[in-house]
Amino acid sequence: MKRILSLVLVFAMLTLVAGCSCSEKKSEQETSTVAWKKGESLFGSKLREYATACQRNDKKGIKTKQKLSTGFGEVAKEKNLPKRIGYTFSDLNRDGTEELLVSLIDMKDKLNNYVIAVYQYTGDGIKRVLEGWSRNTYYLMKDKLILNEASGGADDAEIAKLHMRENAFEYVSTLSMKYGKGDKINYLYAEVGKPENTKQFQVSEKQWQKICRSWEDQVDVNNVKLIKDFK
């Protein structure tokens, strides 16, 4: 009898845990839905600008794309553009209001899903606070940081983690690759601040690549919708 009562108690506890888990998932989904609706309401005019521009390949349409974002202008003539431009929302500066991130999408490779523009909603309206293009790419990370990969030419490259403070982005840590004498490559790492303002430490190529991979693994390409589907 005691054994039966124990089994009944265990079953009841498992049922309770499962119920709590389902409730938590439902709550998360409802919160996400509310956030999307709020974001689409705040940034509706900007999303419509992108959606309209995606459909136009004439001279006026190309100029509109270039004006919206340098990265958008780079792919302005692509015929399948409506299937390549997506958007998501994230509270990057943690002020309670999410920012709009417009991205170039490539489902085969998440590191080709880079952000071409970030918009912030303020009392003065919608403002673009960041823009990316093929040689200066930005990615949303899972911890609401931004990963930036930039190339200054054949002899200079930098990867950095950025965080948004109010309406500007600041460096958290950086990886730099620079050529020295005799074409020797120097691999550098800085914990906080821009390379010119913070002491850099030389690391091995293996260490550099390990840090780089760990950052790239944190890139978040989930929860992105196509702008062409915005209504």
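The values are calculated or read from the model by the stated rules, or taken from the named source; none is laboratory data. Given the structure is predicted, the values throughout are model-derived calculations rather than measurements. No Cβ is skipped: glycine too gets one built from the backbone with ideal geometry, and neighbour counts run over all protein chains shown. SASA here: full protein model, heavy atoms, side chains in, ligands and nucleic acids out. Shrake-Rupley method; radii C 1.70, N 1.55, O 1.52, S 1.80 Å.
Just one of the numbered conditions (1) farther than 19 Å from Gly132 by Cα; (2) modelled with pLDDT under 90; (3) not in a strand (DSSP E or B) is not true of Met177; which one?
Looking at each condition in turn, Met177 falls short on (3).
Can you pull out every residue in the stretch 127-150 that is open to solvent by 50 Å² or more (accessible area, probe 1.4 Å) and either in contact (Cβ under 8 Å) with a residue 24 or more places away in the chain or over 23 Å from Lys65 (Cα atoms) (or both)?
Just the residues of the stretch 127-150 that are open to solvent by 50 Å² or more (accessible area, probe 1.4 Å), to begin with: 127-128, 133-135, 142-144.
Across the stretch 127-150, the qualifying residues are Lys127, Arg128, Trp133, Ser134, Lys142, Asp143, Lys144.
Of all residues in the stretch 56-86, count the ones that are out of contact with any Ser or Thr (no Cβ under 8 Å at 6 or more places or on another chain), touching a residue at least 12 places away in the same chain (Cβ under 8 Å) and among the charged types (D, E, K, R).
Matching residues across the stretch 56-86 total 5.
Using beta carbons and a limit of 6 Å, which pairs, at least six apart or on different chains, have the first residue in the stretch 94-110 and at pLDDT below 90 and the second one not hydroxyl-bearing (Ser, Thr, Tyr)?
Going by the 6 Å Cβ cut-off, the qualifying pairs are Ile105/Arg84; Ile105/Gly86; Ile105/Asn113; Asp106/Asn112; Asp106/Asn113; Lys110/Val219; Lys110/Val221.
Scan the stretch 181-190 and tell me whether some residue there is modelled with pLDDT under 85, part of a loop (DSSP other than H, G, I, E, B), open to solvent by 40 Å² or more (accessible area, probe 1.4 Å) and closer than 27 Å to Phe72 by Cβ.
no
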